[in-house]
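Worksheet for the structure shown next.
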Amino acid sequence: MIAKPQSFLVIQTAFIGDVILATAVVEKLHKTYPDSSIDFLLRKGNESLLNNHPHLRGVLIWDKKKGKIKNLF
């Protein structure tokens, strides 16, 4: 039986320290599922923390100040 690759979305839309702590989740996911795709959703202004992160496929930015719910989609 061949396992399908997994995809994960880590959501951390709080403050900078919370984003830093959430990187441990990314590391653990990568270690457990090395062939998985991992994306990270965070609030606007914190995206530079994850620039060039080796285990992330993409970083999604949520501007909570402009139409909080509407801007999420």
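Let me check against my output: what whole-number percent is the relative contact order of the chain, with C-alpha pairs under 8 Å and at least 6 apart?
Numbers: 96 pairs, mean separation 22.3, N = 73.
It rounds to 31 percent for the chain.
Tell me the net charge near L42. Cut-off is 12 Å between Cβ atoms, L42 excluded, with +1 for each Lys or Arg and -1 for each Asp or Glu.
Working: positive: R43, K44, K64; negative: D18, D39, E47, D63.
Residues near L42 contribute -1 overall.
Given H placed on each backbone N at 1.01 Å, which residues far from N46 in sequence or on other chains put an amide H within less than 5 Å of it?
none
Give the residue list of trypsin sites (Lys or Arg not before Pro) in segment 6-71 that are DSSP loop and have at most 10 other beta-carbon atoms within 10 angstrom.
K65, K66
What is the distance, in nm, between label points placed 7 Å from the Cα along the Cα-to-Cβ direction at A14 and at I61?
Going from the A14 label point to the I61 one covers 2.3 nm.
Based on the alpha carbons, how large is the Rg to Rh ratio for segment 7-72 when Rh follows Kirkwood?
On the way: Rg = 11.9 Å, Rh = 12.1 Å.
Here the Rg-to-Rh quotient is 0.98.
Which ³J(HN,Hα) values, rounded to whole Hz and listed in residue order, are derived for segment 44-56 from phi using the Karplus coefficients 6.51, -1.76 and 1.60 in 6.51 cos²θ - 1.76 cosθ + 1.60 with θ = phi - 60°, glycine and proline given as x?
Values, residue by residue: 4, x, 9, 5, 5, 4, 10, 4, 6, 5, x, 9, 9 Hz.
Values quoted throughout were computed directly from the atomic coordinates according to the rules given, and no laboratory measurement underlies them. From a predicted model like this one, the values you see are computed outputs, not experimental measurements. In this analysis, Cβ positions are derived from the backbone assuming ideal geometry, glycine residues included, and neighbour counts consider all displayed protein chains.
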